[in-house]
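Asker: The structure under discussion is supplied below as structure tokens; questions concerning it will follow.
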Amino acid sequence: MGWKRKTHHGGSCHQQQSCPSHGNELSAIDEEVSHLTRLKSEPCERTRASLHAGKKRHISTFKLLSGRESNCLGIGRFSSADCSYALRKHLPVKGPWCVDDMDSEAYISQFSADGSLLIG
Amino acid sequence: QWTVSDIALSPDQQLLAYSSLSPTVHIVNVQSSAKESQANVTEIHDGLEFSNDDDDEYSFGIFSVKFSKDGQEIVVGNSDRSINVYDLRANKVSVRIRAHAADVNAVTFADESGNLLYSGSDDNLCKVWDRRCLAREKPAGVLTGHLDGITFIDSRGDGRYFISNCKDQTIKLWDVRKMSASIKGRQPRFFDWDYRWMSFPLEARHCKHPNDQSLATYRGHSVLRTLIRCYFSPVYSTGQRYIYTGSSDEYVYIYDVVTGDIVEKLSWHGSIIRDCTWHPYNLTIVSSSWDGYLARWEASGDEDDLSVLTENEQRTSPYRQSYTRHLLL
């Protein structure tokens, strides 16, 4: 039995204007890029509905986990958007640790596409 | 001899290309190189010549190097206001575009196909180039909105959106479908300053471009003295939710794409952070600074970890440290 996920069909995206000083510039932001970004980094409407979370309400990681355990999405695991949402509280901001200590200015640091190499 | 201005790794991770302030891009085999730099002296670094043979007198610097997704081509932006594409199979420059009215500081492929290019220049413009129709060196489109030279461009990878860092102390988000065929009106010149040794003028902080075509503007970081870089965060761990950038006020800034808020500021470095990179899968950022350190930031870590860099290890310049050591001897 194939599972079909309901997708967002052109409903309005409500902008979060939590930063008033940027309001003028960000109120003009394109609906589409905002919508695309949310689709890839926030739980879908079905998840929100099953967790009784409103459109703007923050969903705790605990609720996400309990939703997964009760299989509310029907796929038995997090979607990539759910993963991104859960990781919002775990940005790489701790440290830092020393990778290299050079006797000249460091101009460039880049990971390779698969993350196995660092060039600096 | 000169500073390395840019590096690029081929998609198969076999070749590393690097550029400097000269018309040559050097290529080295990554897999055979040792870590220590003295081993690199013995490596054969092939040179890719980008200057015209006809004009030996003239020389230019290269500010940006990128591999195409299939690894067969390299695109560069240079101080001769041009974009060049080097065909690695034919071993020659296949495309030369007189792209801008000033230095081309940034150029990148828009998506996987390699047909679309984005470029940014000190003439304050971002341009879109379609290699399938390069008639009379006219761009497919122009995007206005920045008030000063563009320092870096990063594509979202979908051939539609990209971000640019700029000396007007902002990052702008662009949709190429909003581009215009030509520049409307006269280019505004609000202020006269040089970002290499001046602070950004206060009266310029609130200027707006009358024909701004960008979707969003992100403010808070600082772009002074060098071509500071900004990127979209990775797809896998963040869904490209964030934009992160180095800054000349010694922080790494992380913005939320949707809200424009500064989500985090990474603070430890003692000098300008020109570049930083977010691991494509793990929750790791590495920042590179003019204090000589490459520093690694993680999402988790013991507060009592003794290997964490402390304030005692901070410095503003690697040279000052060396000089002090000499005095002590």
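Asker: Using the structure shown, list the pairs from A:40/A:94; B:69/B:92; B:69/B:265; B:208/B:265 with a Cα-Cα distance above 29 Å, or answer none.
Answerer: B:69/B:265
Asker: Only sites in a loop by DSSP and with at most 16 other Cβ atoms within 10 Å count here; which trypsin sites (Lys or Arg not before Pro) in the range B:74-145 make the cut?
Answerer: The qualifying sites are B:89, B:132.
Asker: Here's a follow-up. In Å and whole numbers, how far do the C-alpha atoms of the range A:45-120 stretch along each principal axis, longest first?
Answerer: Projected onto its principal axes, the Cα set of the range A:45-120 covers 56, 23, 19 Å.
Asker: Using just the C-alpha positions of the protein assembly as shown as equal point scatterers, what log10 of I(q)/I(0) does the Debye formula give at each q in 0.06, 0.07, 0.14 1/Å?
Answerer: Cα-only, vacuum Debye calculation for the protein assembly as shown: -0.27, -0.37, -1.44.
Asker: Here's another thing I want to ask about it. Once you put a point 7 Å from the Cα of residue B:312 and another 7 Å from the Cα of residue B:249, both along the Cβ direction, what distance in nm separates them?
Answerer: 3.0
Asker: When all C-alpha to C-alpha distances in chain B are sorted into bins of 10 Å, what percent of pairs does each bin hold, rounded to whole numbers?
Answerer: Over chain B, the share of Cα pairs per 10 Å bin runs 5, 24, 34, 26, 9, 2, 0 percent.
Asker: Could you order peptides B:109-117, B:253-261, A:91-99 by the average number of other Cβ atoms within 10 Å of their residues, highest first?
Answerer: Working: B:109-117: 18.0, B:253-261: 23.6, A:91-99: 20.0.
The packing order, highest mean first, is B:253-261, A:91-99, B:109-117.
Asker: Counting helices only, and only those DSSP H runs with n ≥ 4, report the 222 nm mean residue ellipticity of chain B as the sum of -39,500 (n - 2.57) divided by its residues, in deg cm²/dmol to the nearest 500.
Answerer: -1500 deg cm²/dmol
Asker: Here's a follow-up. Per 0.36 nm of contour for each residue apart, how much would the distance between residue A:77 and residue A:101 grow if the chain were fully extended, relative to their Cα-Cα spacing?
Answerer: Full extension of this stretch gives 4.5 nm more.
Asker: Filter the GluC sites (Glu not before Pro) in the range B:237-313 down to the DSSP loop ones having no more than 14 other Cβ atoms within 10 Å, then list what survives.
Answerer: B:303
Asker: Per residue of B:172-179, count partner chain C-beta atoms within 10 Å of its C-beta, then hand back the mean as an integer.
Answerer: Numbers: counts 1, 5, 2, 3, 0, 2, 1, 0.
Counting other chains' Cβ atoms within 10 Å and averaging over B:172-179 gives 2.
Asker: Any idea how far apart residue B:302 and residue A:89 come out in nm if each label point goes 7 Å out from Cα toward Cβ?
Answerer: 2.3
Asker: Starting from 0.36 nm per residue, how many nanometres of slack lie between residue B:158 and residue B:101 once their C-alpha separation is accounted for?
Answerer: Between residue B:158 and residue B:101, full extension yields an extra 17.8 nm.
Asker: Residues of the range A:90-106 with backbone nitrogen within less than 19 Å of a virtual label 7 Å along the Cα-to-Cβ line of residue B:236, please, listed as ranges.
Answerer: A:90-93
Asker: Which pairs in the list A:89/B:178; B:127/B:172; B:66/B:167 are over 24 Å apart, alpha-carbon to alpha-carbon?
Answerer: The answer is A:89/B:178.
Asker: Report relative contact order for the range A:61-120 in percent, whole number only (criteria: Cα-Cα under 8 Å, sequence separation at least 6).
Answerer: Contact order relative to length: 18 percent.
Asker: Also, I was wondering about something else. Quickly work out the residue B:267-to-residue B:199 label distance, labels modelled 7 Å from Cα along the C-beta direction, and quote it in nm with one decimal.
Answerer: Modelled inter-label distance: 1.8 nm.
Taken together, the values in this text are just the output of simple stated rules run on the coordinates, not laboratory data. Given the structure is predicted, the values throughout are model-derived calculations rather than measurements. Cβ atoms come from the backbone with ideal geometry, glycine included; neighbour counts cover every protein chain shown.
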